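Just so you know, all these numbers are worked out from the coordinates, no wet-lab data involved. Values in this document were obtained by computation on a predicted structure and should not be read as measured data. Using ideal geometry, Cβ is built from the backbone for each residue, glycine included, and neighbour counts are taken over all protein chains shown.
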Amino acid sequence: MPNTDLLQGQLPTNPNGFLITDEHLRTTVPGVFVAGDVTDYIYRQAITAAAKGTMAAMEAMWFLDAQEHVVQKAK
């Protein structure tokens, strides 16, 4: 079982309790990205989790960069 109890009711899970993401590791909450053992119900391996953690970090960085441009344009 994935350790997703902390997020119960805040993010959608599949019937087995794994968090649901799109192909960019985005959740249904804007700016919230997840990776690793809480999302990977097929492979559940450390190397896969590390790679997806890197992917999620890059997606979060791009998300924040886009938000910064939105804020600057609003000024």
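Structure summary
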item	result
Qualifying positions in segment 31-43 - in a loop (DSSP other than H, G, I, E, B) and within 16 Å of Thr13 (Cα to Cα)	Val32, Val34, Ala35, Thr39, Asp40, Tyr41, Ile42
Members of segment 1-24 that are surrounded by 10 or more Cβ atoms within 10 Å (Cβ to Cβ) and outside any loop (DSSP other than H, G, I, E, B)	Leu7, Thr13, Leu19
Output for segment 10-57, where each listed residue is hydroxyl-bearing (Ser, Thr, Tyr) and under 10 Å from the mean Cα position of the chain (by Cα)	Thr21, Thr27, Thr28, Thr39
Positions within segment 8-37 being hydrophobic (A, V, I, L, M, F, W, C) and in contact with a helix residue (DSSP H, G or I) (Cβ under 8 Å, 6 or more places away or on another chain), in sequence order	Phe18, Leu19, Leu25, Phe33, Val34, Ala35
Every pair of residues 6+ apart whose Cβ atoms lie under 7 Å, when the first sits in segment 9-32 and is more than 22 Å from Trp62 (Cβ to Cβ) while the second is of a type in the set (A, V, I, L, M, F, W, C) and assigned to a loop (DSSP other than H, G, I, E, B)	Pro12/Ile20; Thr13/Ile20; Asn14/Ile20; Gly17/Met1
